[in-house]
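Enquirer: Can you keep this structure in mind? I'll have questions shortly.
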């Protein structure tokens, strides 16, 4: 049965991608249907699970033995516990909504069938990732989502920038994948297995050094998939893909896979405090990094991408805190899934109405033209900045509290960073909001003289936005109510109450203060003043942030240029040195034989001399042999 | 003696080669169908071999043994273990696709002869141009392919070292003509330069392999002498030698064993090819037509890696272990070096060739890691690499035949005009970069895991290879398939035809099916790997903290006492 | 000699060996060193005859006779025939043309000789059996018995070889006449077309003192006409030069005759032109 | 005197013949030198035949003579051919047998 969860979208992908043009007309509805079916099955499982007690909720289904090699047992087997269930519902739920949204968004694209095929493929891979009962199968899903992401980012392949972005995303992810692969090897050599159950239950047997190595490798994998520093560079470029893709893959689901991985491998991280520290550091750095980048971008999707990076930084940080943070990481993940998907869909809706213009400096005053989008986007905005009462408030507040609860200097630093992050979040989101929906209209006719006529998007697009807005508003409260979410996850992730040096009220107040400061600053800068149509030069930090804090430049100079130089010189060396050595040998023999050839002068008497000389030598040799 | 199945399996393509060659010049199409028919018959026989192989039975099955050159103890001995059976099946499987993909490849030569008469620049092959009635390119092309198949099958089945050697070397002859005689007419510098490059490539191929082979001949003779010294009667029989070694009658002095090992290994390392003996492969694969390139890398070169497993490890276990560190370093260099060079290539086919060098590095790494995962993975790798490279290379061949150029820069935006071609190309590429879910992933992962468990550093370095693999495949795809359509030749490019689809689809289906369900293969391969492991007297390293065989339901996370949330 | 083993031969044989052996070696040297092939051949024949004697001395009576009949008689005659075809009296230049060949040859020959002699010295035996028993019923019957029993196959093969050699030699030297024989008219036309000498060739040796065939005749102006000498001689370079004194005396004779007839004398004599004109100047005139 | 002296003599003659082959350019003289070498070999055979007391050596010598005769016939025919085509009997003139 669990297989059906994965099977339904997989079937959709197979049918749509192999089916040919016949499916052009109805293919997208088939995709929505299968995605919805997967969601319904997920809900059925969820209801079934609720009917059982906490410790008894895990389901397991063994399909077939996959790679049976001596000492190496990998099975295709699924495991559905509370953690997976959470993801299944998020993935299929948001996924289905975005499928429906895409029907409208991609209406005029001739390759819509293929788009839906890829979306279904993504769902299948993502579900496989969260349902796998061992790391190897997880790895399949892990790369599967990478592939889907590659295909979808590069969906508009005739744009060279899209193709390049897709390749970049896949490559950077591959670096992370290599980390995951090495982690699996380490588990295999340490435990002789890489299924969750045996490895996690005996994790404490292994030495801490091993576990730290495993943990760091898993973190590398998580960094790749979740766009954390230092492997974050692909996420901004990934915005080349269609907006629903950005919403689903690069905001709500795939990029959170890293958080899932770390939470799932909690037992390993718990036993390797050093690795945990690194996780926390990575989370904290990315949190600020993404937020700063988000402040500087004028492209609405890239600003949101920076935000995504930053929010996942929060999650990773929470996951790095250990049992006091896992549940909050996942909780933030779910609420983020709602509001960030909603924000992206809103951005897509804006672009839809603005002839695919992405520069916020050319928006302005759209609230009158797109009321539904404005309201849903606004609710998402309030949720993400952590407006009290909305879902972001609950989940983020918990994380900040847990950060303080880490204890010691670390706790204070982390707490301060998360608070600072909250303030910057409020700042950049207010900036987005103000530049897009408030102020004067700033759009102009484009090069062909078409002036955009902002209009509300069709029903198929607005409904998913409304649904997600509901989620953004209420999910947090629901989860927080009676600690229901924490209790739900506790059997899998364990939970430990952090003891914060500050009282919960103090933390909440601090958060609210940070929020007010951020919103106020942005409002002063962008809400009250007119926004210039052309970006001002800005401070050094702004300029650096616009260029992703120079990370891309670093990559370009060190990796791309260096790599190009390396490969060029190797190609040269292969021709000249390796092949040259062989050719040189050949030439030497050629020259030698050219010399020897002169002995063949055609004079019979010369040959006779060699003959007699040879005979003499033979006789001499015989005599010598006899003498010896 | 029962029905000589293996002999017949090799004989069918041999007969097919003769029959195809004998078809009159005018009936080209008949020759093609005849060749396809014979290759399919071979496939059926190979399937029977695979089906008839009993994984629980003897090490070598379907054995045949007849005296051949009695004076030197040379016997006609055939027999397959699991690895051999699988490799024969791979060979028989790929040849029909090679024939199908090369359906029209030789016609160009035919037409060139007809049109240009005496001055035809058509190929550096034997007697190009002029004597049309004698030189029948189509018949020759398919007959040579079948001849190669027959020899490869015998090589995989031979358990007599001398017999193996003969066919190992004889294979070079048809391959030489296939490389030198038929090209894809897509050389950047014109056809004349192309013909020159082609004959250069063919000669290079021949010289490299011949040099390796001759050194091996010396070692073969050395082995015979050593066995004659110790057993009283010289023998080349692998089974006899292994048995004698097991019973202690036959043991080589360290130095002798090492020298003999080197002799064998060098020949196989040229064939495989291992860095730094690899430079013939890009030339050969670049100049030959795509089907022939597939034949080289997916079939013929596999004999090299297969022989390392069967002969190097089987005959010289001590020396193999002695050489392991060096071989592993060479394999690692091959992996990284091949991948880096693939990134730097401008020519599609040479790119695939360098990718293959990288992959052969993985195979050798798996073999010499001397763990059951590594060797099992290496064997699977041979099969899966054969299929995946065939898929990628054949589609690349279709692409090249449409545009008449091998340079990556001449493409761009193909995806828009020929989506099916681009899609299949992408799948082939993804298989090459070992995407999970496709077959090569399993083998690569096994090799890496097997290597890592004994040599962690080597495992990590090799893992870097998978990142580079993604780089070269995606760069190739990006440059050829994506982007705007700018060139008029590409705007007119047709999508895959039915014949081409018929060639590619089964390969892709196989990649997917074997990627999800490789069990039938692993079952056959596993016992053979165990035998090899016992030959070299190596045991898998034990995990430091082996886990009990937990079922999932046994797992309950430890309760933390500090949880006061309830 | 009836003893089965002896250590030395009779003194007579020893004397014969030393004397004839010396001659044989001289003959061998002569063969190699003589400049004229005919002399070489004669030296070789001498050596062969001596070898025949040695065969006889060694109890190989049949072979001794065969040596004389076949070798000295037939083979050497063949050599001489060929020599005559090619040119009997042309002497070879002994100047070496190949660089270093002579030194190499010397080295090889010396080395080979020394090594051979050293080898024999190593293997030298004190006693020998002698052919007394083997030749008991006569050398020829004994040899015949061996030839027609033990070696009969080889004998037949050698016979076949001889036949084949004979046929082969015939084939080699035989020139098949493949074109139609030319008629006299055709020959004449060809001659005219080729600008060859049309009238009969001048006769040689008009003013010769001795064997006049190898002396060119003189043209009316007094110059010698090389064309008058047979082409074979010309090819071998065996034309005798008409010496200057002779030319001078010839001129004097002409002078006298003219005076006698009271004719005016020609101011230029043939002498001046004889030097420049005596066409194919033989490399080495015979003395 | 020991009959081994005949063998020494034969060695001497053989060497002389060999040097003749190497030094002389006239094909006929070269041929004669070869004959000299063959004769030297024959002398050895005959001498050994006597020393061993059986006639096999003489039979061999006989065969050598016959083969030599055959060889002379063919060889001289070749020389004649050569002379006809090149108007020279020098072995150095036939030097086209090279690369």
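Enquirer: When Cβ neighbours within 10 Å are restricted to other protein chains, what is their mean count per residue of peptide C:165-173?
Expert: For peptide C:165-173, the averaged partner shielding equals 6.
Enquirer: How far is helix A:160-191 tilted, in degrees, relative to the longest principal axis of the Cα atoms in chain A, given as a value from 0 to 90 rounded to the nearest 10?
Expert: The angle comes out near 80 degrees.
Enquirer: If you take the square roots of the eigenvalues of the alpha-carbon gyration tensor of chain B and sort them as a ≥ b ≥ c, do you get rounded (a/c under 1.5), prolate (a/b over b/c) or oblate?
Expert: It comes out oblate by the Cα gyration axes.
Enquirer: So if R0 is 35 Å, what FRET efficiency would residue C:187 and residue C:85 give, r being the distance between their Cβ atoms, rounded to the nearest 0.05?
Expert: 0.90
Enquirer: Related question: For the stretch D:4-86, what's the relative contact order in percent, using C-alpha pairs closer than 8 Å and at least 6 residues apart?
Expert: 27
Enquirer: Rounded, prolate or oblate for the stretch C:144-252? Axes are the square roots of the Cα gyration tensor eigenvalues, ordered a ≥ b ≥ c, and the cut-off for rounded is a/c under 1.5.
Expert: oblate
Enquirer: Let me ask something else about it. Based on the mean of other Cβ atoms within 10 Å per residue, sort peptides B:60-72, B:389-401, A:32-44 so the most packed one is first.
Expert: B:389-401, A:32-44, B:60-72
Enquirer: Then there is this: Assuming R0 = 56 Å, can you tell me the calculated FRET efficiency for the pair residue B:25 and residue A:560, based on Cβ-Cβ distance, to the nearest 0.05?
Expert: 0.55
Enquirer: With everything on Cα atoms, drop me the angle between helix D:56-86 and the longest principal axis of chain D, reported from 0 to 90° to the nearest 10.
Expert: 10
Enquirer: In degrees between 0 and 90, to the nearest 10, how far off the longest principal axis of chain A does helix A:112-131 point, with axes built from Cα atoms?
Expert: 90
Enquirer: What number, rounded to the nearest 500 deg cm²/dmol, is the helix-based mean residue ellipticity at 222 nm of the protein assembly as shown, given -39500 (n - 2.57) per DSSP H run of at least four residues and division by all its residues?
Expert: Estimated from H runs of four or more residues: -22500 deg cm²/dmol.
Enquirer: Next question, about the same structure. Which percent of Cα pairs goes in each bin when the distances of the protein assembly as shown are cut into 20 angstrom slices starting at zero?
Expert: Bins of 20 Å from zero give 8, 25, 24, 17, 11, 10, 5, 1, 0 percent of pairs.
Enquirer: Just check chain A against the gyration tensor rule for me: Cα atoms, a ≥ b ≥ c as the square roots of the eigenvalues, rounded for a/c under 1.5, and otherwise prolate or oblate depending on whether a/b exceeds b/c.
Expert: In terms of gyration-tensor shape, prolate.
Enquirer: If you don't mind, there's one more thing I want to ask. Arrange C:53, C:84 by Cβ neighbour counts within 10 Å, fewest through most, would you?
Expert: Ascending Cβ contact count within 10 Å gives the list C:84, C:53.
Enquirer: Determine the relative contact order of the stretch B:334-415: mean sequence separation of Cα pairs under 8 Å and six or more apart, normalised by residue count, in whole percent.
Expert: Relative contact order, the stretch B:334-415: 29 percent.
Enquirer: Just rank C:9, A:277, B:482, A:585, fewest to most, by other beta-carbon atoms within 10 angstrom.
Expert: Fewest-to-most ranking of C:9, A:277, B:482, A:585: A:585, A:277, C:9, B:482.
Enquirer: Per-residue mean of other chain beta-carbon atoms within 10 angstrom of the beta-carbon, peptide C:70-80?
Expert: 4
Enquirer: Continuing with this model, one more query. Would you tell me the mean number of C-beta atoms belonging to other protein chains that fall within 10 Å of each C-beta in A:555-564, as a whole number?
Expert: 1
Enquirer: Relative contact order for the stretch D:8-50 using alpha-carbon pairs under 8 Å, separation at least 6, rounded to a whole percent?
Expert: Contact order relative to length: 45 percent.
Enquirer: Given the peptides A:82-92, B:406-416, arrange them by the average over their residues of other C-beta atoms within 10 Å, most packed first.
Expert: So the order, starting with the most tightly packed, is A:82-92, B:406-416.
Enquirer: If neighbour count is taken as other Cβ atoms inside 10 Å, put B:245, C:256 in order from fewest to most.
Expert: With the sparsest Cβ surroundings first, the list reads C:256, B:245.
Enquirer: When you count, for each residue, the other Cβ atoms within 10 Å and take the mean per peptide, how do B:17-28, A:145-156 rank with the highest first?
Expert: Going by the mean number of other Cβ atoms within 10 Å, highest first, we get A:145-156, B:17-28.
Enquirer: At 0.36 nm per residue, and after removing the present C-alpha to C-alpha distance, how many nm does the segment from residue C:221 to residue C:175 gain when stretched out fully?
Expert: Additional length available on full extension: 12.3 nm.
Enquirer: Also, I was wondering about something else. Radius of gyration and Dmax for the stretch D:4-86's Cα atoms, expressed in Å?
Expert: Cα-based Rg and Dmax for the stretch D:4-86 come out at 14.8, 50 Å.
Here, each number is a calculation from the coordinates, and none is a lab measurement. Since this is a predicted model, take the numbers as computed values, not measurements. Virtual Cβ from ideal backbone geometry, glycine too; neighbours counted across all protein chains shown.
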